[in-house]
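Peer 1: Dropping the structure in here first, questions after.
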Amino acid sequence: MSAIETAPLPRESQNFQRLSFTGTASEYFGIWIVNILLTIVTLGIYSAWAKVRRNRYFYGNTVLLGRAFEYHAKGKQIFIGRLIVFAYLIVYNILLTAFPIAGIALAVVVLFFFPWLIMRGLRFGARVTSYRNVRFDFTGKMGGAFVAFMAGPVLAFLSLGILAPLASRWMYRYMGNNLRYGSRAFATDPRLAPIYQTWLFSALIIVLGMLIVGVAVLANVSVIVALIDNPDVVSPEMNASLFLLGVVSYLAALLSFGIAALFYRAGVRNIAWSSTVFDGRHMLKSDLSRSRYVWIAVSNVIVTVLTFGLMRPWAAVRSARYVNEHTAIRFDGDVGEILAAVEQEGTAVGAEFMEFEGFDFGF
């Protein structure tokens, strides 16, 4: 190896630069409550503009090296996209009622267009996002979207989840390898073995939950059999106990699936982001604690439900802050020079996206 290849990286490039979130629950509550009220008053029409206000707040408070991200979408773009989807649903239901065959044919046609809609949605989301006045871009094609978002989930379902890690790998590779910042590319190739380790842990959580449900079901069955032999002992209290046992077992199963999904999501994110490189040399990193991530998600839901939704802004800010604080990038070289070069190159690249970004169809 040459001296250049073996030389240590500069001190500033040996540390990861972490994202931060500067928003507060009280600030976001004002935006959130206005969005809710205007959406209700306008019968849902304002929801497109509400999405823009929400994203601008969260992007604008996501900070890297002292500079925030920006969200440039307009409410009209999102509204038109939703209007097109709504019009399709009306036409589809009319055709399905009056001409069932035509309705089924229309559903099949849209199914073939679904990968295109996903691809366009990812491109829209990237192009309306910027950092230091440089737009992101997404160059994925329809075929890749089909593999990542249709073939992968179908294989995972048909294999009873055994091939879910493969589907996750396809999805992250499609999104990561087609993402651009200015003219410079991201690249990701998460290894399958670590994803399967995360999957195995999540599968064990599901198995444990199902065992609890199985014990509850067996207990229910044994009690019911005993009651059949001795119908005189049946009482309202016993019926209530059986009902409660059934509800608890159902919630246990639901909770085990939810916790397993959250564990899996955090683990795969860590693996995929930590396998991603920007511009061939700048490494990304995600180091979420899976248990902490699950606790935040579950407690957010509980608090939100108990407060009838009023603590939703607090929950959203809490989640955003945790995820940002555990997401980082390590620049190989002088950070200022690297970002200045990207900013200079990216100004022209971003200009073509300023006037017309397309529509957001919500996929």
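Just so you know, all these numbers are worked out from the coordinates, no wet-lab data involved. For clarity, every value in this text was computed on a predicted model and none was experimentally measured. Here Cβ is always computed from backbone atoms with ideal geometry, including for glycine, and neighbour counts include all displayed protein chains.
Peer 1: Considering the range 155-195, what Rg and Dmax in Å follow from its alpha-carbon atoms?
Peer 2: When restricted to Cα atoms, the range 155-195 yields Rg and Dmax of 12.6, 40 Å.
Peer 1: As an exercise, identify the chymotrypsin sites (Phe, Trp or Tyr not before Pro) in the range 276-329 lying in DSSP coil whose Cβ has no more than 16 other Cβ atoms within 10 Å.
Peer 2: On the way: sites: PHE278, TYR293, TRP295, PHE308, TRP314, TYR322; in loops: PHE308.
When the chymotrypsin sites (Phe, Trp or Tyr not before Pro) of the range 276-329 are filtered for loop state and at most 16 Cβ neighbours within 10 Å, PHE308 remain.
Peer 1: Which of rounded, prolate, oblate describes the range 78-117, given a ≥ b ≥ c as roots of the alpha-carbon gyration tensor eigenvalues and a/c under 1.5 marking rounded, otherwise prolate only if a/b is larger than b/c?
Peer 2: Oblate, because a/c is 1.5 or more while a/b does not exceed b/c.
Peer 1: Sticking with this structure for a sec: What FRET efficiency comes out for ILE104 versus VAL154 if R0 is 25 angstrom and r is the Cβ-Cβ distance? Round to the nearest 0.05.
Peer 2: The value I calculate is 0.80.
Peer 1: At q = 0.13, 0.15, 0.23 Å⁻¹, what is the base-10 log of I(q)/I(0) for the range 120-214 according to the Debye formula with one equal point scatterer per Cα and no solvent? Please give it to two decimals.
Peer 2: Ignoring solvent entirely, the Cα scatterers give -0.57, -0.70, -1.10.
Peer 1: When the Cα centres of the range 245-301 and the range 112-159 are compared, how far apart do they sit, in Å?
Peer 2: Here the answer is 21 Å between Cα centres.
Peer 1: Once the cut-off is 26 Å, how many percent of the Cα-Cα pairs in the range 61-195 end up in the long-distance tail?
Peer 2: Beyond 26 Å sits 42 percent of the P(r) for the range 61-195.
Peer 1: Another question, then. Percent of alpha carbon pairs in the range 260-320 separated by more than 15 Å?
Peer 2: When all Cα pairs of the range 260-320 are counted, 58 percent exceed 15 Å.
Peer 1: What are the residues whose amide H is under 5 Å from the amide H of MET283, where those residues sit 5 or more places off or on another chain and H is modelled from the backbone?
Peer 2: The list, which skips near neighbours in sequence, is PHE278, ARG330, ASP332.
Peer 1: I need the Kirkwood Rh of the range 111-172: take the reciprocal of the average 1/r across all distinct C-alpha pairs and report it in angstrom.
Peer 2: 12.6 Å
Peer 1: Please work out how much length the chain gains when fully extended from PHE308 to SER26, using 0.36 nm per residue of separation minus the C-alpha to C-alpha distance, in nm with one decimal.
Peer 2: Gain on extension, PHE308 to SER26, equals 99.8 nm.
Peer 1: With no solvent and one point on each alpha carbon, what is the Debye value of log10 I(q)/I(0) for the range 43-121 at q = 0.10, 0.25, 0.26 Å⁻¹?
Peer 2: Each listed q maps to, in turn, -0.40, -1.11, -1.13.
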